[in-house]
1. Working only within region 104-136, note down all residues that are open to solvent by 60 Å² or more (accessible area, probe 1.4 Å) and in a helix (DSSP H, G or I).
2. Looking at residue 98, is it open to solvent by less than 10 Å² (accessible area, probe 1.4 Å), closer than 14 Å to residue 296 by Cβ and among the hydroxyl-bearing types (Ser, Thr, Tyr)?
3. Could you list all residues from region 185-207 that are assigned to a helix (DSSP H, G or I) and either modelled with pLDDT of 95 or more or within 16 Å of residue 59 (Cα to Cα) (or both)?
4. Suppose we keep only residues that are away from the ligand (no atom under 16 Å from the Cβ) and open to solvent by 10 Å² or more (accessible area, probe 1.4 Å) within region 333-348. Which one would you say is farthest from residue 187 (Cα to Cα)?
5. Would you check which residues across region 318-364 are in contact with a helix residue (DSSP H, G or I) (Cβ under 8 Å, 6 or more places away or on another chain) and at positive phi and list them?
6. Any idea which residue in region 57-78 is nearest to residue 180 (Cα to Cα), counting only those that are in contact with a Leu (Cβ under 9 Å, 6 or more places away or on another chain) and within 16 Å of the ligand (Cβ to nearest atom)?
7. I'm trying to understand the selection: among the residues of region 361-376, which are within 19 Å of residue 324 (Cα to Cα) and either assigned by TED's automatic domain parsing to the domain that holds residue 55 or open to solvent by less than 40 Å² (accessible area, probe 1.4 Å) (or both)?
8. Only one of (1) β-branched (Val, Ile, Thr); (2) open to solvent by 10 Å² or more (accessible area, probe 1.4 Å); (3) closer than 24 Å to residue 232 by Cβ fails for residue 275. Which number is that?
Amino acid sequence: MDITRKQFLKISGEAMAGLGLLSSGVFSLTQLAGCQKNYGGTMLEYKIKQLNLVHTWTIARNSSDFKNNVFVRFTKDGISGIGEAAPNIRYNETPESTVAVVEKAVPLFEKKNPWHFVDLGYAIKNLADEQTAAKCALDIALMDWVTKNLNVPLYKYLGLDKSKTPVTSFSIGIDTPEVMQQKIREAEKYPVLKIKVGKENDEEIINAVRAVTDKILRVDANEGWTNKEEALEKINWMVKMDVEFIEQPMPSEMLEETRWLRDRVDVPIIADEAVKSAADIPKLAKAYDGINIKLMKSGGIQEALRMVWMAKSLGMKVMLGCMIESSCAIAAAAHLSPLVDYADLDGNLLIANDPFSGVAVESGRVILNDKPGLGIEGEF
Ligand code: MG
């Protein structure tokens, strides 16, 4: 059926309203799939949803009590795939800019064959400059749809062994030392902690953390140190405090300074803000020991896989991280996690009203279920 985007959206909306689904917002995927099958439509829907945080979340850059993420649902042939975008202002993304890209994707999803998901994935990539969170939501929904159709869990489709999922770190945002100690007590069941630093009182924070735990500590400065000598001093002190690695110590554009730093410290330096896609990785190999892949930065599952292969071929360590994301996007990353050295997939654990479930953490380890696709349950 050849229809314009406007007509397509209108038809989709009317069909949904006619079925009484738009107002209820609590239908299950099974019911939706059944109704859609009768209608026989292809749809791409989205919704901006506020996710409330358990604690105010503060990193070197900013502070927030909630996040507005964008959820998408792609429905075709009676099957729905779900995806999520966590827009990040660091990358010039807002919920509105995300929705604009999702709307631009409607004709692609209507006209292109989703079984040619590699082609469709590149078409999504070319929809806009940057705006990778939006592209990520679309790619996750696409891959969820494909693997649900095949009736296999995503990890199995990728040929991965779910017994190899790593232990995930649990992140402790910047706060007063007392509150950070309280957060650490609440994180009792997680064996690895990621501590956010990059403000004036880094030493005070790490001292306070070490006073209440001897767990493995990873440190993330979120580009907070802008002087290489000062960064060197801080890292050398933190090595004595027994940290496993340092993530993004200096601003992403300070590549030469980071290389200088890396040559002088005895702990791995991991790139986060400095790396978004596979094309960024070769130049980073001289300044970093590893990269932190996030689906929101890569633009989804397909580019994240290309990044894993690129980093591994350059002998770099691979970490899989996340933004503040519900169990939808976290599950997508978790399915890739048997491939990586380190995982930091705790975004859903920081949310008080996660609309989805499906990815569990037991003794700190990511546990995948055997349901098809992402294996998640819930509704947005
Ligand atoms: Mg980071």
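The values are calculated or read from the model by the stated rules, or taken from the named source; none is laboratory data. As the structure is a prediction and not an experimental result, all values here were calculated from the model. Don't worry about glycine lacking a Cβ; one is built from the backbone with ideal geometry, like all the others, and counts go over all protein chains shown. SASA here: full protein model, heavy atoms, side chains in, ligands and nucleic acids out. Shrake-Rupley method; radii C 1.70, N 1.55, O 1.52, S 1.80 Å.
1. Restricting attention to region 104-136, the residues satisfying the condition of being open to solvent by 60 Å² or more (accessible area, probe 1.4 Å) are 104, 111-113, 115-116, 118-119, 122, 125-126, 129-130.
Answer for region 104-136, where residues must be open to solvent by 60 Å² or more (accessible area, probe 1.4 Å) and in a helix (DSSP H, G or I): 104, 111, 118, 119, 122, 125.
2. Yes; evaluated as a whole, the condition is true for this residue.
3. The answer is 202, 203, 204, 205, 206, 207.
4. Here is the first cut: in region 333-348, the ones away from the ligand (no atom under 16 Å from the Cβ) are 334-339, 348.
Now restrict to residues that are open to solvent by 10 Å² or more (accessible area, probe 1.4 Å): 338-339, 348.
Working: 338: 23, 339: 25, 348: 14 Å.
Going through the qualifying residues, I end up with 339.
5. Matches in region 318-364: 358 only.
6. Per the stated criteria, the residue is 57.
7. Of everything in region 361-376, those that are within 19 Å of residue 324 (Cα to Cα) and either assigned by TED's automatic domain parsing to the domain that holds residue 55 or open to solvent by less than 40 Å² (accessible area, probe 1.4 Å) (or both) turn out to be 364, 366, 374, 376.
8. Going through (1) β-branched (Val, Ile, Thr); (2) open to solvent by 10 Å² or more (accessible area, probe 1.4 Å); (3) closer than 24 Å to residue 232 by Cβ one by one, residue 275 breaks only (2).
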